[in-house]
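Below you'll find the structure, written out as structure tokens, and then a few comments.
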Amino acid sequence: MLTRLAPFTLAAWLLSAPAFAELQPPAGYYAAVGQRDGKAPACPAVPQPYTGELQFTSKYAGSDSARATLNRKAEKNFREQTSHIVRLEKEAGRMITGYMRTGQPERLECAIEWLDQWASADALESEQFNHTGKSMRKWALGSLAGAWLRLKFSESQPLAAYPQQSARIEAWFTRLAEHTVREWSDLPLRKINNHSYWAAWSVMAVAVIDDRRDLFDWSVGQFRIAANQVDDEGYLANEMRRSQRALAYHNYALPPLAMIAAFAEANEVDLRGENHGALQRLAERVLQGARDPAAFAQRTGSKQDMSELRKNFKYAWLAPYCSLYACSEQTRELNQEKGPFNSFRLGGEVTQVFGKP
């Protein structure tokens, strides 16, 4: 016979029930701030916070459905329109990386000043956007929040002296993450590609910063959708449509997916088995394609553009990936050869964070 719990007993039970632990990053994000002698560079003027409509020219404007042919004039327009945003991403990340290496407080103060001014201006929050605009919003968020993670979790607690600024900056990150969730949710499968994966990485970074389990779950959900897009041979159908850039875009899909998997694993969510090891299957397909792109050329009917695959930082995903898997000797050698990795879109020094191969 069931006994009805008295109200105070039920309340006591609820209070004692196990709750989710606070979200945390991988262990390398707790590293102490380095200490080096030397003079910090002067803090440059903050780029004007971008508060306008997020309506930007696509660098593939006028291209066919493959969206694989660059329009040089359109690309120039895109670079000009987004220059302040990209400068913030790159320079604030460099300041944070420089501070983590040297411990020079001027670098930290400068980074916080830049980010606080953009946060206080509600930058990048326009509700008027096109596809390129919402893409810039989530890219910028991933870059900035990814770098902020090192400050947030360092055992040196560098943000302790900046409580008000940190609160404003983190609240801004959270607003941008909520925009990102709205803008990249419930897309038809034919439209879910690397953009959605990068959106999910940016949201994961903020989820851990703000201890938002709902954002964490959304990011994990997007990873699972991505994993289920990987076919038995390691290809992504929506990236195969990119014709001569298919291999490059498969490679471009890997950094956010590897980061999400590493952050999930740090919170006791193992995504390596999703769709029968999809992430590893995708990675192995890309590594094989980088050595010999013939299979991609045959499948797409186009000779592959290998220019992106010749840039070392494009392999930054190897740092989190090889923290999740027992990488082969060949892959470890590639990790060493191409690294150490410093990718601003992943928050900076990923090799430093995830350890040497």
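Observations on the structure shown:
- Scope region 130-182; condition among the small types (Gly, Ala, Ser) and more than 21 Å from residue 50 (Cβ to Cβ); matching residues: 154, 156, 160, 161, 166, 167
- Residue that is in contact with a Pro (Cβ under 7 Å, 6 or more places away or on another chain) and either among the charged types (D, E, K, R) or surrounded by fewer than 20 Cβ atoms within 10 Å (Cβ to Cβ) (or both), where the choices are 121, 167, 161: 121
- Of all residues in region 251-298, those satisfying the criterion of being under 13 Å from residue 314 (Cβ atoms) and either among the hydrophobic types (A, V, I, L, M, F, W, C) or free of Cβ contacts under 8 Å to residues at least 40 places away in the same chain (or both) are 253, 254, 258, 286, 287, 290.
- Any hit, region 295-303, residues being of a type outside the set (Phe, Trp, Tyr), touching a helix residue (DSSP H, G or I) at 6+ places or on another chain (Cβ under 6 Å), part of a loop (DSSP other than H, G, I, E, B) and within 23 Å of residue 136 (Cα to Cα): no
- Selection of helices (runs of 4 or more DSSP H) fully inside region 38-132 by the criterion of at least 2 residues being more than 18 Å from residue 168 (Cα to Cα) and at pLDDT below 95 returns 72-81.
- Any hit, region 133-146, residues being assigned to a helix (DSSP H, G or I), open to solvent by 20 Å² or more (accessible area, probe 1.4 Å) and within 28 Å of residue 317 (Cβ to Cβ): yes
- Residues within region 309-354 that are of a type outside the set (Asp, Glu) and assigned to a helix (DSSP H, G or I), tallied: 28
The values are calculated or read from the model by the stated rules, or taken from the named source; none is laboratory data. None of these values were measured; they are calculated from a predicted model. All Cβ positions, glycine included, derive from the backbone under ideal geometry; neighbour counts span all protein chains shown. Heavy atoms of the whole protein, side chains included, go into the accessibility calculation; ligands, DNA and RNA do not. Shrake-Rupley method; radii C 1.70, N 1.55, O 1.52, S 1.80 Å.
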